[in-house]
Structures are given as C-alpha cells and as structure tokens.
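Heads up: the structure comes next, in structure tokens.
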Amino acid sequence: MPTTAGRQAVLWLAAAAIVAMPSPARAEYPERTVKIVVPFEPGGTVDTVARALADRLKTRWQVAVIVENRPGAGNIVGAQAVAKAEPDGYTLLLANTSISANPSLYKTLPYDTKRDLAPVVFLAPSPNVLLVQKSLGVGTLKELIALAKSRASQPLTFASVGKGSFHHFSMELFKTAAGVELVHVPYKGVAPAMLAFIRGDTDLYCSDIPGALAGIRSGDLKALAVTSATRIATLPDVPTMGEAGLPGYAAIGYVGVMVTGGTPPAVVRTLNAAINAVIRADDFNRRFAELGYEMKGGSAEEFASFLERDIARYAELMKTLGGQIE
C-alpha cells in the first residue's frame, strides 16, 4: 500500500499532468485585472520581483496587473487569500519557501496546501546571507559561534521576516549546527527586519541576498557567510557556512508563482508561458541576476515535483529541529 508521502506525490504529479494536458485555449484570459498577492510588506525583495513581473505582464497582456501586499502569520495570510479565491487565475501568489515549510511548522493551516494551491512556475532559488553587527567585534563565523557560546546567560538576538519564514528557519538550522542559543525577534516583512537590524535592535540578521547586497558592497553591513552550498556570484568574497566552519550546512529558499487550486489547466498554461517569457528576457534576467536572483522558469509540472520534494524535506528537517510552531 502506498505511503502517505507517496499518495501526496501522486496528487501533486497528477495535478501537474492535468495542467500539461492539451485542452481548448481560453482566448479571453486575461480579460480583466490580475492580482499578485505578496505575503510580505511592501519594499522587500519578493515585493520587488512581484512588481517587476506585474509591470511586464501588464505590457504583455494589455490589462491591469496589480500587487497586493498581505503580510502576516508566517506568510499564511497571503497564501490563504489565494487559496480561498475564485479558481479562475485572476489571483496569483508570489510564493516562497514558507509554502514548503508551513505544513510542518504549524499543526494546522487554514487551507490545504496541495488541494487549495496549484503551482504555476518556479522563478528562482533564494539563499540568504548572515549579517552581524560590527559592534560585536567578530570577523568570522567561528568567532561568532565562540561569542554566542560565551553569552549563554544573555543570548544574542536575531531578526527575521516572520515566525516560520525561511529567514527564521535558516537561523534555527544555524543554532542546531553551531550548538548555540539565540533569541528570535520576528518582524512583519523584509523591510522592517532590515531596518531593525540597521538600527542595532538585533545582533544578527539572516537576510535575503538582494536586500543586503548594496550594504555589503558599501561596507555598511558585515557579512559572515551565505547559506548556500556554493558561493554566490554576486558576493564572491563571502564564504559559505560550510567553508566558514559548519560543514554540511546548506539552506536555500525559492520564489515562484502559484494560483488557486482548481484553476483551469488552460489558464495555468497561459500563465506559465507568459511568466516564462518575462523572466527569461535578457534585461529582466540581468536585472535580478545583479541582485542575486538567478531566474530559472520551467513547467508547472516541474514546479509541482520540486514542491513535493521540498515539502517532504522540510518535514524531515522539522523532526530534527524538534517540533511545530503553535
């Protein structure tokens, strides 16, 4: 008898296969305003991607494409807005790693990830970079770990873009790998978290690459390591966590586009083709490559397979980290 994971995989792949099946085109889509829901506050990197995508789709389709920011609850608020929308393709989700992590991080969700959300296209992988306050006087990851261990009675603090976010998860993995205690300080989005760190409200911040790139290059921000398994082209002098003292550490998030579950396959195909065309355009690709996002694209079926694997990966990681978030 198939395992639960096996049955879930069949559901994802069956849905993706339906998306890939030929059916009569719906020439009328899109005929009215398309909304992209971003589960973060305005001003962050994911928001920037969404707005750039909206602008290109508006030009391509000659209909309004708007961005709606719905932050909160570890990205659950934004995902729920799309999960409960009409399944007509007019409400999109700028999805991120929380889609994979939340089913394991939370005991209950107000939607069924596999039933109520449908993959459209993978956009780009999204590693993070660990930033440290210069006032702490540490220059390497090993020095940070030593300091954190010496501060067991008064732990260092770290900012994140919200409880259960990839930023939060990256630091929980760091805590486990380094054997240190840190205090989590969640904020409602990338911009508030970065602002708090710049003000000195927290000791550490595991930021997305685009949000930290300018500050690192100017010398205003101190970067200790990136969370990916290999170095980042835009930050060639910043070592990986593995190189800096935590062998085997790797944490890479992603951004992608999803729609409401049950959206007609022809609409999903139209969305997939249009978004692939946008992100593979040389100028669009180059713009985000310079910020640290390497746009990938691909089919809805490929994104579905990736999500299935990633959800299972986070389920296993949560067993290691020890539990769910209430």
Q.
Can you divide the C-alpha Rg of the range 127-244 by 2.2 N^0.38 Å and report the result to two decimal places?
A. 0.95
Q. Between residue 58 and residue 134, 0.36 nm times their residue separation minus their Cα-Cα distance comes to what?
A. 23.0 nm
Q: Using label points projected 7 Å from each Cα along Cα→Cβ, tell me how many nm separate residue 230 and residue 309, to one decimal.
A: 1.5
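Can you compute the charge dipole magnitude of the chain about its Cα centre, using +1 on each Lys and Arg Cβ and -1 on each Asp and Glu Cβ, nothing else charged? Give it in debye, rounded to the nearest 20.
On the way: 32 positive and 29 negative charges, 19 e Å.
Around 100 debye, computed over the chain.
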**Q.** Student exercise, the range 277-317 dipole from Lys, Arg, Asp, Glu Cβ charges, in Debye to nearest 20
**A.** 80
Q | Helix-only mean residue ellipticity at 222 nm for the chain, each DSSP H run of n ≥ 4 adding -39500 (n - 2.57), per residue, nearest 500 | A | -13500 deg cm²/dmol
Q. When only C-alpha pairs under 8 Å and at least 6 residues apart count, what is the relative contact order of the chain, in percent?
A. 28
Q.
7 Å from Cα along Cα→Cβ at both residue 214 and residue 68: what's the point-to-point distance in nm?
A. 2.9
Q: Mind listing the long-range amide H neighbours of residue 121? Cut-off is under 5 Å, sequence gap 5 or more, other chains count too, H placed in the peptide plane at 1.01 Å from N.
A: 257
(Q) Can you order the peptides 257-269, 118-130 by their average number of other Cβ atoms within 10 Å per residue, highest first? (A) 118-130, 257-269
Q: Based on the mean of other Cβ atoms within 10 Å per residue, sort peptides 141-147, 188-194 so the most packed one is first.
A: 188-194, 141-147
Q | Full-extension gain in nm, residue 316 to residue 222, via 0.36 nm per residue minus C-alpha separation | A | 30.6 nm
Q | Sequence-separation-based contact order of the range 127-244, relative, with Cα cut under 8 Å and 6+ spacing, percent | A | 37
Q: Work from the charge dipole of the range 127-244 (Cβ charges, +1 for Lys and Arg, -1 for Asp and Glu, about the Cα centre) and give the residue of 232, 190, 157 farthest towards its positive end.
A: 157
(Q) Students often get this wrong, so check it: of 35/107; 58/114; 142/175; 35/163; 163/222, which have C-alpha atoms separated by over 19 Å? (A) 35/107; 58/114; 35/163; 163/222
Q) Sequence-distant or interchain residues sharing an amide H contact under 5 Å with residue 156, placed H: which? A) 183
**Q.** Karplus 3J(HN,Hα) series, Hz, for the range 205-220 with 6.51 cos²θ - 1.76 cosθ + 1.60 (x for Gly, Pro)
**A.** 8, 8, 8, 5, 5, x, x, 10, 4, 5, x, 5, 5, 7, x, 6
Q) With a ≥ b ≥ c the root eigenvalues of the C-alpha gyration tensor of the range 216-326, is it rounded (a/c under 1.5), prolate (a/b larger than b/c) or oblate? A) oblate
Q | 10 Å beta-carbon shell around residue 296, net charge (K/R +1, D/E -1) | A | -1
Q: May I ask which residue of 59, 111, 74 lies farthest towards the positive end of the charge dipole of the range 13-162, with charges of +1 (Lys, Arg) and -1 (Asp, Glu) on Cβ and the Cα centre as origin?
A: 74
Q: Using R₀ = 30 Å, calculate the FRET efficiency as 1/(1 + (r/R₀)^6) where r is the Cβ-Cβ separation of residue 84 and residue 107; round to 0.05.
A: 0.90
Q: Looking at the range 127-244, send over the antiparallel percent of its DSSP beta bridges, to the nearest 5.
A: 55
Q.
Output wanted: per-residue J couplings in Hz (rounded whole) for the range 42-54, from phi through Karplus 6.51 cos²θ - 1.76 cosθ + 1.60, θ = phi - 60°, x for Gly and Pro.
A. x, x, x, 5, 4, 4, 4, 4, 4, 5, 5, 5, 4
Q.
Nothing charged except the Cβ atoms of Lys and Arg (+1) and of Asp and Glu (-1): what's the magnitude of the dipole of the range 127-244 about its Cα centre? Round to the nearest 20 debye.
A. 100
Q: List every residue whose amide H lies under 5 Å from the amide H of residue 37, counting only residues 5 or more places away in sequence or on a different chain, with H placed 1.01 Å from N in the peptide plane.
A: 68, 92, 93, 94
Q: Could you pull out every one of the aspartates and glutamates with an alpha carbon less than 12 Å from that of residue 149, ignoring same-chain neighbours closer than 8 positions?
A: 181
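Rule-based calculations on the coordinates, nothing more; no lab input. The model shown is predicted, which means the values in this text are computed figures rather than measured ones. With ideal geometry, Cβ positions are generated from the backbone for all residues, glycine too; neighbour counts draw on all protein chains shown.
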